[in-house]
Amino acid sequence: MFRLDRRRVLALAALVGLLAYIGWMAGPYLRSVILRDAAVTSWINHTASPIAGYVGLHPLYPGERIGADGLIAAIEDPLADRSALTRSEADLERAKQRRKSLEQLVALRQSTADARATVAQTYAETFKQDLETRITAASGSLSLTTQRLGLERVQADRLAKLAASGHGSQSAADAEAQLVVELQKTQTGLQSELDRSTQRRSAAEQGTFLLEDGTDAAVASRALDDTRLALNQARLDLALAEVDIGLARQMLAAAQQAYDKARRAPVAAPPGALVWSLATAPGTAVQPGSPVASWVDCAVMMVDAPVSDVELALLPKGTQAEVVFEGESRTRHGTVLLTRGAAATVGQADLAALAKGRYPGVGQVLITLDPSPADIAACPIGQAAHVDFPGVGLLDVLRARLRL
């Protein structure tokens with residue numbers, strides 16, 4: 001009887017030990033099945049100050065939605081350096097003043113050129129008219145001289161014949177012959193003057209005004225050419241001044257943009273995102289890179305579920321999961337996005353909320369969900385949830401634990 005009781009005690013003790021071992025192995029699994037120790041979460045995004053300055057007085061606070069402008073807060077620097085902008089404004093003003101002076105210079109040289117053109121035209125007309133008068137006079141004198149020369153030659157021949165026959169005076173014949181020679185010289189001179197005047201008139205038609213001594217008389221024309229050259233140079237300088245103004249305006253716009261960015265810079269996030277935390281109070285001085293706020297995208301919805309390392313091995317990426325939020329009875333369907341062992345879980349630096357059931361030695365499964373518009377509007381980040389993996393049961397966990 002004593003031996004029988006001893007055997008029963010030993011069997012009972014073995015059974016209790018086996019059940020305790022099974023409970024120890026299956027405890028994390030049963031805990032995750034029974035308790036709602038998972039949490040709805042999303043990736044957390046941190047924003048930093050882009051410039052040195054002070055946080056604006058009206059930032060968005062945790063729980064507020066980011067508007068269409070994407071602005072969480074503004075960083076303002078009332079001591080931003082304005083020297084580059086001032087130099088650009090001064091450069092533009094100098095360029096405008098230079099353009100104004102060149103416009104006046106162009107107008108002055110244009111009026112001078114117009115006046116000298118009138119003088120040159122009047123001189124050319126007068127010069128040509130004088131030559132026409134000279135040509136007309138020389139032509140008339142030459143015609144008369146030619147006629148007289150013909151008559152005098154006849155008279156000289158007659159007197160020479162009378163003198164030769166003894167019926168006339170030899171001295172009279174010689175005087176008449178001398179007169180013929182003088183008339184020939186006069187004729188030659190008048191012809192030469194007529195030819196030179198005709199040539200000068202032809203040259204004047206081409207813009208070359210020659211005096212009687214052969215020198216150029218186009219002083220007014222040369223002065224007009226010089227004025228026109230100076231006018232063209234002034235117009236070129238004016239065109240370059242216009243280019244300088246365009247460049248100065250571009251430089252001013254760039255300097256204004258740089259100053260505006262240094263004076264006030266936004267801390268931005270995608271429109272519709274939810275402000276998760278405000279790390280810096282309004283009016284606080286910050287430096288470039290100082291944390292200002294964090295935000296989450298409610299359209300990216302996940303569940304952080306704690307599971308044992310044994311069960312973790314049974315959950316490859318893409319495994320189906322069933323999720324029930326705290327306070328709901330509706331089952332949502334998701335898939336395994338990421339698994340991490342207990343030694344390398346994703347923490348608060350990357351996730352907005354962590355499962356409350358995580359403790360040392362427990363692994364991690366991130367399950368991605370497809371949120372509805374109502375879920376995005378409610379954004380239940382941090383809400384407790386229950387997770388079940390239909391394809392993995394208690395026996396699967398025990399077999400994996402016992403390597404069966």
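The values are calculated or read from the model by the stated rules, or taken from the named source; none is laboratory data. Nothing here was measured: the structure is a model prediction, and the numbers come from that model. Glycine gets a Cβ as well: all are built from the backbone with ideal geometry, and neighbour counts include every protein chain shown. Accessible surface is based on the protein model in full, side chains and every heavy atom, while ligands, DNA and RNA are left aside. Shrake-Rupley method; radii C 1.70, N 1.55, O 1.52, S 1.80 Å.
Give the residue that is least open to solvent (accessible area, probe 1.4 Å), with candidates limited to residues of region 353-389 that are at positive phi and modelled with pLDDT of 90 or more. Before you say what the answer is, go through the steps one by one.
So the first thing to find is which residues in region 353-389 are at positive phi, and the list is 361, 379, 382.
From what is left, the residues that are modelled with pLDDT of 90 or more are 379, 382.
On the way: Cys379: 14, Gly382: 46 Å².
Among them, the one singled out is Cys379.
Kindly list the number of the only condition in (1) open to solvent by 60 Å² or more (accessible area, probe 1.4 Å); (2) touching a residue at least 60 places away in the same chain (Cβ under 8 Å) that fails for Thr112.
If we test Thr112 against (1) open to solvent by 60 Å² or more (accessible area, probe 1.4 Å); (2) touching a residue at least 60 places away in the same chain (Cβ under 8 Å), just (1) comes out false.
Here is a yes/no grid of residues against (1) open to solvent by 10 Å² or more (accessible area, probe 1.4 Å); (2) under 30 Å from Gly70 (Cα atoms); (3) of a type in the set (Val, Ile, Thr):
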| position | (1), (2), (3) |
| --- | --- |
| Pro270 | yes, yes, no |
| Leu274 | yes, yes, no |
| Ala285 | yes, yes, no |
| Ser294 | no, yes, no |
| Gly327 | yes, no, no |
| His333 | yes, no, no |
| Leu337 | yes, yes, no |
| Arg340 | yes, no, no |
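With respect to Val307, determine if the residue is in contact with a His (Cβ under 6 Å, 6 or more places away or on another chain) and surrounded by 15 or more Cβ atoms within 10 Å (Cβ to Cβ).
For Val307, the condition - in contact with a His (Cβ under 6 Å, 6 or more places away or on another chain) and surrounded by 15 or more Cβ atoms within 10 Å (Cβ to Cβ) - is not met.
In this structure, does Glu93 turn out to be among the acidic types (Asp, Glu) and open to solvent by less than 60 Å² (accessible area, probe 1.4 Å)? Full working, then the answer.
Working: among the acidic types (Asp, Glu): yes; open to solvent by less than 60 Å² (accessible area, probe 1.4 Å): no.
No; evaluated as a whole, the condition is false for this residue.
How many residues, within region 140-189, are open to solvent by 40 Å² or more (accessible area, probe 1.4 Å) and either among the polar types (S, T, N, Q) or in contact (Cβ under 8 Å) with a residue 24 or more places away in the chain (or both)?
17
Do we find that Ile66 is in contact with a Lys or Arg (Cβ under 8 Å, 6 or more places away or on another chain) and either buried (at least 17 other Cβ atoms within 10 Å of the Cβ) or of a type in the set (Gly, Ala, Ser) (or both) in this structure?
no
Determine whether region 302-309 contains at least one residue that is more than 30 Å from Ala95 (Cβ to Cβ), without any contact (Cβ under 8 Å) to a residue 60 or more places away in the chain and either of a type outside the set (Lys, Arg) or touching a Gly at 6+ places or on another chain (Cβ under 8 Å) (or both). Give the derivation first.
Step one: filter region 302-309 for residues more than 30 Å from Ala95 (Cβ to Cβ), giving 302-309.
From the residues that got through so far, the ones that are without any contact (Cβ under 8 Å) to a residue 60 or more places away in the chain too are 309.
With either of a type outside the set (Lys, Arg) or touching a Gly at 6+ places or on another chain (Cβ under 8 Å) (or both) added as a condition, the list becomes 309.
Yes, region 302-309 contains at least one residue that is more than 30 Å from Ala95 (Cβ to Cβ), without any contact (Cβ under 8 Å) to a residue 60 or more places away in the chain and either of a type outside the set (Lys, Arg) or touching a Gly at 6+ places or on another chain (Cβ under 8 Å) (or both).
Can you tell me which of (1) in contact with a helix residue (DSSP H, G or I) (Cβ under 9 Å, 6 or more places away or on another chain); (2) among the small types (Gly, Ala, Ser); (3) at pLDDT below 80 is the one Ser139 doesn't meet?
Ser139 satisfies every listed condition except (3).
Just checking, which of Val324, Val346 is part of a loop (DSSP other than H, G, I, E, B), out of contact with any helix residue (DSSP H, G or I) (no Cβ under 8 Å at 6 or more places or on another chain) and modelled with pLDDT of 90 or more? If you could, list the steps in order and put the result at the bottom.
Details: Val324 fails: part of a loop (DSSP other than H, G, I, E, B).
Within the list Val324, Val346, the selection yields Val346.
Tally time: how many residues in region 83-132 are under 22 Å from Arg249 (Cβ atoms) and of a type in the set (Ser, Thr, Tyr)?
Residues meeting the conditions: 4.
In region 248-261, how many are under 13 Å from Leu92 (Cα atoms) and open to solvent by 90 Å² or more (accessible area, probe 1.4 Å)?
Of the residues in that region, 3 qualify.
From the list Ala84, Ala137, Ala117, exactly one residue is closer than 30 Å to Gln233 by Cα and in a helix (DSSP H, G or I). Which is it? Reasoning before the result, please.
On the way: Ala84 fails: closer than 30 Å to Gln233 by Cα; Ala137 fails: closer than 30 Å to Gln233 by Cα.
Of the residues listed, the single one that is closer than 30 Å to Gln233 by Cα and in a helix (DSSP H, G or I) is Ala117.
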